[in-house]
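See structure below.
The values are calculated or read from the model by the stated rules, or taken from the named source; none is laboratory data. Bear in mind that the values here come from a model prediction, so they are computed numbers and not experimental data. Neighbour counts run over all protein chains shown; Cβ positions are idealised from the backbone, glycine included.
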Amino acid sequence: MQLPSRPLGPQRKRFGFLILLIGLSTFFSPIVTLNPPLLNRADWSPFHMASAVFARELPVPNGHFDEAVIEIGLLYVLMILALVAIFVPKTTKPLAVISSIGFAVSSVAKFWHHGFMYTFGWDYWDPGRMKMSLTWWLLPWVMPALLAVSFARNLDVE
């Protein structure tokens, strides 16, 4: 695969910035809704999960970390790096590499359900305890969309 070498034009920078703005805003919106609530919270955003991990409340006593929580955290770190990469002049290679790594991480999103159930200490065969919110469906598409923008040279045609 040939990495794009032309710098990002203003149109691709705007699209990339908009995609990252949407992606980063999901950090504060619910990713799952739990029934019954856990730790007095039904709606859990990535921010609330990170705060609970920092406070050593997650994973719960009978739970354990799964790769899903780490993958989601990695996606947010990659989004911040991609935000910096958008404004690197004269090349799109850093953005293409970062979004390619993010694409690989996003491709395992279909297994996040099991990871969340493990982290919350529940048996993942018990349906109905966790409902996925909009962030759950949106987050895995941020990096693939950014990868597409990094290769879409025709967006910069004036």
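Overview of values
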quantity	calculated
Within segment 87-114, tally of residues that are at pLDDT below 90 and buried (at least 21 other Cβ atoms within 10 Å of the Cβ)	2
Of residues in segment 19-39 being out of contact with any helix residue (DSSP H, G or I) (no Cβ under 8 Å at 6 or more places or on another chain) and in a helix (DSSP H, G or I), the one nearest to Met79 (Cα to Cα)	Leu21
Enumeration of residues in segment 11-43 that are of a type in the set (A, V, I, L, M), without any contact (Cβ under 8 Å) to a residue 40 or more places away in the chain and farther than 17 Å from Val69 by Cβ	Leu18, Leu21, Ala42
Any hit, segment 110-127, residues being of a type in the set (A, V, I, L, M) and closer than 30 Å to Gln11 by Cα	no
Filtered residues of segment 115-145 (kept if more than 13 Å from Ile72 (Cβ to Cβ), at pLDDT 90 or above and of a type in the set (A, V, I, L, M))	Leu134, Ala145
Tally, over segment 44-55, of residues that are outside any helix (DSSP H, G or I) and without any contact (Cβ under 8 Å) to a residue 60 or more places away in the chain	2
Gly115 in a helix (DSSP H, G or I) and out of contact with any Leu (no Cβ under 6 Å at 6 or more places or on another chain)	yes
Scan of segment 119-135 for residues that are part of a helix (DSSP H, G or I) and surrounded by fewer than 20 Cβ atoms within 10 Å (Cβ to Cβ), ordered by number	Leu134
Tally, over segment 94-140, of residues that are touching a helix residue (DSSP H, G or I) at 6+ places or on another chain (Cβ under 9 Å) and more than 20 Å from Met49 (Cβ to Cβ)	12
Considering residues of segment 39-77 that are of a type in the set (A, V, I, L, M), touching a Leu at 6+ places or on another chain (Cβ under 9 Å) and under 22 Å from Phe17 (Cβ atoms) only, the residue surrounded by the most Cβ atoms within 10 Å (Cβ to Cβ)	Ile72
Segment 19-58, residues that are among the aromatic types (Phe, Trp, Tyr) and at pLDDT 90 or above	Phe27, Phe28, Trp44, Phe47
Identity of the residue in segment 56-98, assigned to a loop (DSSP other than H, G, I, E, B), among the hydrophobic types (A, V, I, L, M, F, W, C) and within 16 Å of Phe116 (Cβ to Cβ), that ends up nearest to the chain's Cα centre (by Cα)	Phe65
